[in-house]
Amino acid sequence: MRFPDDVPVLADGVVTLRAHTAADVEPAYRMCQDPVMQEWTTIPVPYLHEHAVNFLTEVVPAGWRANTAWAWAIEYDGNYVGTIDLRDGEGGVGEVGFAVSAEVRGNGVMTRALKLVVRYAFDGLDWKRVIWRAYVGNYASRRVAWKTGFRGLVTIPGGGRSRGVRKDEWVATIGCDDELEPKGNWWAVPRARGWRDPAAGAARIGCATSDGGLR
Ligand SMILES: CC(C)(COP(=O)(O)OP(=O)(O)OC[C@H]1O[C@@H](n2cnc3c(N)ncnc32)[C@H](O)[C@@H]1OP(=O)(O)O)[C@@H](O)C(=O)NCCC(=O)NCCS
């Protein structure tokens, strides 16, 4: 594929996904200074300006040209606010990764972007399955994946790598025949056996539950 000419623009009326440009370097660099972003992703720390330049002007175009990674700039309210990408895809299965700047979090931006990209993986790249991974504890990412329809969540102890350190990882997937809608309930607060219900005024014996989303 030619970059940026062949990069498809994906839009849903609120969020637009498009090819990165050199103008995205500054906001991408600023976004990557966020400690939350550094905690939950594999970006280099400290994150230098040259990292943003290299990623957006070398790595991303190379991925499109080699047909091995497909990254889009996320535009919201007319501004670059983050990046979402698909990787691998060998045998029709690949992974998704994403991040959005702290200022716009909680507005549904990433859920919209993820739905667009998952649809493109199935319809544009002919993938059969998309894999989502996050370090255990990244509930914002897990919620986005759940809202998009990722399911079958498992925890892999030590499954993730973060700058040379192993971390426990959540993994869930969505298949090309699955609906892009939540599957199963969102996280329910676990109640231990013998939990005392203050309203009932008596100890209630019940099973501990932890039926979080994505199951
Ligand atoms: C994860 C991330 C991409 C989400 O982007 P976003 O645009 O805020 O996502 P959305 O607004 O579509 O949805 C976020 C959901 O998580 C919820 N949420 C946020 N923090 C949460 C937490 N600590 N616990 C539970 N839910 C949480 C929000 O309320 C929202 O759900 P709702 O719309 O049902 O209320 C963003 O937080 C981010 O960039 N984080 C840093 C990088 C990162 O973690 N990337 C993913 C690596 S796997």
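The values are calculated or read from the model by the stated rules, or taken from the named source; none is laboratory data. Keep in mind the model is a prediction, meaning the values are calculated, not measured. Here Cβ is always computed from backbone atoms with ideal geometry, including for glycine, and neighbour counts include all displayed protein chains. Ligands, DNA and RNA are stripped out before the accessible areas are found, and what is left, the full protein with its side chains, is counted by its heavy atoms. Shrake-Rupley method; radii C 1.70, N 1.55, O 1.52, S 1.80 Å.
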Task: So Leu125, is it in a strand (DSSP E or B), more than 13 Å from the ligand (Cβ to nearest atom) and touching a residue at least 40 places away in the same chain (Cβ under 8 Å) - done: no
TODO: Please go through the stretch 92-110 and pick out each residue that is in contact with a strand residue (DSSP E or B) (Cβ under 9 Å, 6 or more places away or on another chain) and either of a type in the set (S, T, N, Q) or in a loop (DSSP other than H, G, I, E, B) (or both).
DONE: Ser101, Asn107, Gly108
Task: Complete set of residues in the stretch 64-77 that are of a type in the set (Phe, Trp, Tyr) and either under 15 Å from the mean Cα position of the chain (by Cα) or in a strand (DSSP E or B) (or both) - done: Trp70, Trp72, Tyr76
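Among the residues of the stretch 175-185, what is the count of those that are at pLDDT 95 or above and out of contact with any helix residue (DSSP H, G or I) (no Cβ under 6 Å at 6 or more places or on another chain)?
Result for the stretch 175-185: 5.
Can you tell me how many residues within the stretch 33-42 are of a type outside the set (Asp, Glu) and touching a residue at least 24 places away in the same chain (Cβ under 8 Å)?
Count: 5.
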Task: Count of residues meeting criterion [within 7 Å of the ligand (Cβ to nearest atom) and either buried (at least 17 other Cβ atoms within 10 Å of the Cβ) or basic (Lys, Arg) (or both)] in the stretch 136-157 - done: 5
Task: Total residues in the stretch 83-106, condition away from the ligand (no atom under 12 Å from the Cβ), over 25 Å from Glu26 (Cα atoms) and open to solvent by 30 Å² or more (accessible area, probe 1.4 Å) - done: 4
TODO: Considering each of Tyr47, Tyr80, Tyr29 in turn, give the residue that is farther than 25 Å from Val171 by Cα, open to solvent by less than 50 Å² (accessible area, probe 1.4 Å) and over 18 Å from the mean Cα position of the chain (by Cα).
DONE: Tyr47
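Per-residue answers, yes or no, for (1) in a helix (DSSP H, G or I); (2) not polar (S, T, N, Q):
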residue: Phe3; (1), (2): no, yes
residue: Val7; (1), (2): no, yes
residue: Val25; (1), (2): yes, yes
residue: Gln33; (1), (2): no, no
residue: Met37; (1), (2): yes, yes
residue: Ile43; (1), (2): no, yes
residue: Thr57; (1), (2): yes, no
residue: Ala62; (1), (2): yes, yes
TODO: Could you give me the residue pairs with C-beta distances under 6 Å whose first residue belongs to the stretch 135-146 and is over 19 Å from Arg163 (Cα atoms) and in a helix (DSSP H, G or I), whose second residue is more than 7 Å from the ligand (Cβ to nearest atom) and open to solvent by 20 Å² or more (accessible area, probe 1.4 Å) wherever it lies, and which are 6+ apart or on separate chains?
DONE: Trp146/Pro182
Task: Single match in Val118, Val109 (criterion: buried (at least 21 other Cβ atoms within 10 Å of the Cβ), under 20 Å from Val60 (Cα atoms) and aliphatic (A, V, I, L, M)) - done: Val118
